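Following this message is one structure expressed as structure tokens.
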Amino acid sequence: MSDQRTATPPDSRTGSHLVAEALADSMEHDESIIVFGEDVAQLGGVFGATRRLARRFGDDRVFDTPISETAFIGMAVGAAQAGLTPVVELMFVDFIGVCFDQVLNQMAKNHYMSGGEVKLPLVLRTAVGCIGSAAQHSQVLSATFAHIPGLKVVFPGTPGDLQGMLLSALRDGNPVVFLEHKKLLKTRVADLPYNDVPPPRSLSAPVPFGRLRRVVDGSDLTIVTVGWMVQLAHLAAAELSAEGISAAIVDLRTLVPLDREGLLREASRTSRMLIVDEDYRDFGFTGEVMAIIAESLGKDAPLMSRIAPSVPIPASLVLEEEVVPSAASIAAAARNLLIKDVR
């Protein structure tokens, strides 16, 4: 007798589909939300994250801008101050240099400098990370934003958080920098090492900011990371598990606000922490995490980091793989941490 049951087909959506779903649902319920940036309307975004929005909501709410980041980021600040909720797309984070004054001195400061009178409900979405696109299109720069008072910095590493945290960003009422890793946008949900997204045709629940999540339990060490490195940490943990090493994985989810209490709680669990980041080493968030833990726990919490060295990202994929953290290099750093602690 043949089995009449049919297996659930794999989820063919990518992260960009999830972003588009979250935007569409939010725009349906909140008419103040507008979406604009380079190629977001007619093309649907360079990664497809704004697909079909212009057709559904019209060109008054979804529209393309000229190639002038200073102008359209400034327009987003003005629109937010006027009572709208702009979702503005900076195509690649590397272009932040063109419009940095609008982010540093307007978006981040106008609420404070107005004594709280001026509101800025604004979401700046931008693609980050390395996919073989060389030094001017492969950066992360998460620590650059986190260093600026007045901005919230969200960096999801799972498909569920990509959608759920965008829903929260759209309701937050403050300027939010929303970092979308290119690999998370491009990869099918079914092909990800760690998948926490609900079934198709249902949305993730909004995810609150400032609460880290332990996504894997472990007893020998804890890998602390954010963004796409969460996915690579899963691959590294599987490699370590085959060697009898039990690695926990903690996803920070947001750099601002940072869950400092959660970090100390996690550091106390295994006493060894490996902090992994795709951003540049110097003055990055890894140093901030280490400082928080060292100031509170001192020698009781051995620390090590695996991060991108402070060099421009090479165009050659072979060289890029040497620079950017990988599952294998994360696992190697974990082994070294255990050896160092024993000594």
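Report, for the chain, the % of DSSP beta bridges that are antiparallel, rounded to 5.
So the antiparallel bridges in the chain amount to around 15 percent.
How big is the antiparallel share of DSSP beta bridges in the range 213-342, given as a percent to the nearest 5?
Restricted to the range 213-342, the bridges split so that about 20 percent are antiparallel.
State whether the range 213-342 is rounded, prolate or oblate according to the following rule on the C-alpha gyration tensor (a ≥ b ≥ c being the square roots of its eigenvalues): a/c under 1.5 gives rounded; otherwise a/b larger than b/c gives prolate, and the remaining case gives oblate.
Judged from the Cα gyration tensor, the range 213-342 comes out oblate (a/c at least 1.5, b/c at or above a/b).
Something else about it: Just want to confirm a number: the relative contact order over the range 15-191, from Cα pairs under 8 angstrom separated by 6+ residues, in percent.
Relative contact order for the range 15-191 comes out at 24 percent.
At 25 °C and 0.890 mPa s, grab the translational diffusion coefficient of the chain from Stokes-Einstein with a Kirkwood Rh over Cα pairs, rounded to a whole number in µm² per second.
Taking Rh from Cα pairs, D becomes 119 µm²/s.
Using a ≥ b ≥ c from the Cα gyration tensor of the range 15-191 (square roots of the eigenvalues), is it rounded, prolate or oblate, where a/c under 1.5 gives rounded and otherwise the larger of a/b and b/c decides, a/b for prolate?
rounded
A follow-up question, please. Scan the chain and hand back the longest stretch that contains none of the GluC sites (Glu not before Pro) lying in DSSP loops with at most 16 other Cβ atoms within 10 Å.
Here the longest segment lacking exposed loop sites spans 118-242.
Within the chain, how many Lys pairs sit with Cα atoms under 24 Å apart, leaving out pairs fewer than 8 places apart on the same chain?
6
Still on this structure: Add -39500 (n - 2.57) for each DSSP H run of 4 or more in the chain, then divide by its residues: what number comes out at 222 nm, to the nearest 500 deg cm²/dmol?
Rounded to the nearest 500, the figure is -10500 deg cm²/dmol.
Only the coordinates and a few stated rules stand behind these numbers; no lab work does. Source: prediction; values computed, not measured. Here Cβ is always computed from backbone atoms with ideal geometry, including for glycine, and neighbour counts include all displayed protein chains.
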